[in-house]
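Trainee: One structure coming up, written as structure tokens, with questions to follow.
The values are calculated or read from the model by the stated rules, or taken from the named source; none is laboratory data. None of these values were measured; they are calculated from a predicted model. Heads up, the Cβs are rebuilt from the backbone with ideal geometry, glycines too, and the neighbour counts pull from every protein chain shown. Each accessible area value is taken on the protein alone, full model and side chains, heavy atoms only, with ligands, DNA and RNA left out. Shrake-Rupley method; radii C 1.70, N 1.55, O 1.52, S 1.80 Å.
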Amino acid sequence: QQFKILLNTKLAVKICQGGINQGYITEEAFGRATKSLHVLNKHIVSYKPEHIFGYATSAIRDAKNGKEFIHYIKSNFNIHIDIISGEKEAGLIYSGVKCAVPLSEKPVLIVDIGGGSIEMIIANHQKIFEKVSLNIGIARLLEKFSPSDPIKKEQIYEIEKYLLQQCGAAIEKFRTYSVDTLVGSSGSFESIACMIKHINHKKYDAKNHCGNIAVNDFIKLHQQLLNT
């Protein structure tokens, strides 16, 4: 099924900030969400939609006051938000990727990097073979490790060690599919593509950002960021 995008916009709310590893949405995060939804609600009203679909993922589903937050949004904006599981989130990511990327019979690894969780899916154009949602999103890592800038070698080692511990079982399971292509579906991959284009003195097209990233280019960027 094809969709016509009428508006594509987003605001950085940082709903995770300050409490994600404690399983709590802070008062400041409530405030940022309110300001953002006031802005977004103006867009929503202007299009007069028949239905509004809202979804909450890792940070809210793990928060002790997540349901309180959902009730708050409903009371103030009349928007109902469904808290979805990590598996449901992974399935929706796969559906979105299928609309944007021409998948084939050969399995690929789809990765979505969020603030609270990371979803990894092995799939082809027909079905999902494996999917996993892990609570190792960027906000969780930043809060857990608080790396310096520039990051130190011992910090890199600790973070890599932790990620291998968290992802090890999934990676070993995924190896049986002989995947040689990773499909990135989040803003993190847009940022990576943009930086690689800049390094290679090429113009980045934000409206058409689906494209190939060579492994060597990614490794080059990775080393440059670590040494900055």
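Trainee: If I ignore ligands, DNA and RNA and count only protein heavy atoms, how much of residue 149 is accessible to a 1.4 Å probe, in Å² to the nearest 10?
Mentor: That residue has around 150 Å² of solvent-accessible surface.
Trainee: While we're here: With a ≥ b ≥ c the root eigenvalues of the C-alpha gyration tensor of segment 114-228, is it rounded (a/c under 1.5), prolate (a/b larger than b/c) or oblate?
Mentor: It comes out oblate by the Cα gyration axes.
Trainee: Once a ≥ b ≥ c are taken as the square roots of the eigenvalues of the Cα gyration tensor of segment 77-159, is the result rounded (a/c under 1.5), prolate (a/b larger than b/c) or oblate (a/b not larger than b/c)?
Mentor: oblate
Trainee: Counting Lys and Arg as +1 and Asp and Glu as -1, what is the net charge of the other residues whose Cβ lies under 14 Å from the Cβ of residue 199?
Mentor: Net charge in that neighbourhood comes out at +3.
Trainee: Let me ask you something else. Name the shape class, rounded, prolate or oblate, that the alpha-carbon gyration tensor gives for segment 6-98, where a ≥ b ≥ c are the square roots of its eigenvalues, rounded holds for a/c under 1.5, and otherwise prolate holds if a/b is larger than b/c and oblate otherwise.
Mentor: In terms of gyration-tensor shape, oblate.
Trainee: Once the Cβ-Cβ distance between residue 223 and residue 126 is put in as r, and R0 is 41 Å, what FRET efficiency do you end up with, to the nearest 0.05?
Mentor: E(calc), rounded to 0.05, equals 0.65.
Trainee: Could you please put 138, 110 in sequence from largest to smallest accessible area, using a 1.4 Å probe?
Mentor: Ranked list, largest accessible area first: 138, 110.
Trainee: Multiply the residue gap between residue 105 and residue 142 by 0.36 nm, knock off their C-alpha separation, and tell me the result in nm, one decimal place.
Mentor: 9.6 nm
Trainee: Pick from 44, 192, 128 the residue whose mean-square fluctuation is largest in a GNM of the chain, springs joining Cα atoms under 10 Å.
Mentor: 44
Trainee: What fraction of the DSSP beta bridges in the chain is antiparallel, stated in percent and rounded to the nearest 5?
Mentor: 65 percent
Trainee: Place a +1 charge on the Cβ of each Lys and Arg in segment 113-228 and a -1 charge on the Cβ of each Asp and Glu, then give the dipole magnitude about the Cα centre in debye, rounded to the nearest 20. Write out the running numbers ahead of the final one.
Mentor: Working: 14 positive and 12 negative charges, 37 e Å.
Using only the charged Cβ atoms, the result is roughly 180 debye.
Trainee: Determine ³J(HN,Hα), in whole Hz, for all residues of segment 56-71 in sequence, where each value follows from phi through the Karplus function 6.51 cos²θ - 1.76 cosθ + 1.60 and θ = phi - 60°; x replaces Gly and Pro.
Mentor: Result, ordered by residue: 10, 10, 3, 4, 7, 5, 9, 7, 4, 9, x, 5, 4, 5, 4, 5 Hz.
Trainee: Using a 1.4 angstrom probe on the protein heavy atoms only, line up 120, 195 by accessible area, largest first.
Mentor: 195, 120
Trainee: Can you give the relative contact order of segment 101-228 as a percent, counting alpha carbon pairs under 8 Å and 6+ residues apart?
Mentor: So the answer I get is 24 percent.
Trainee: Of 14/64; 10/48; 14/153; 4/48; 35/144, which ones are farther than 21 Å apart at the Cα?
Mentor: Among 14/64; 10/48; 14/153; 4/48; 35/144, the Cα-Cα distance tops 21 Å for 14/153; 35/144.
Trainee: Once amide H atoms are built 1.01 Å from N in the peptide plane, which residues 5 or more positions from residue 183, or in another chain, come under 5 Å H to H?
Mentor: Amide H neighbours of residue 183, under 5 Å, 5+ apart: 109, 110, 111.
Trainee: While we're on this one: Given springs between every Cα pair under 10 Å in a Gaussian network model of the chain, which of 38, 51, 198 has the largest fluctuation?
Mentor: 51
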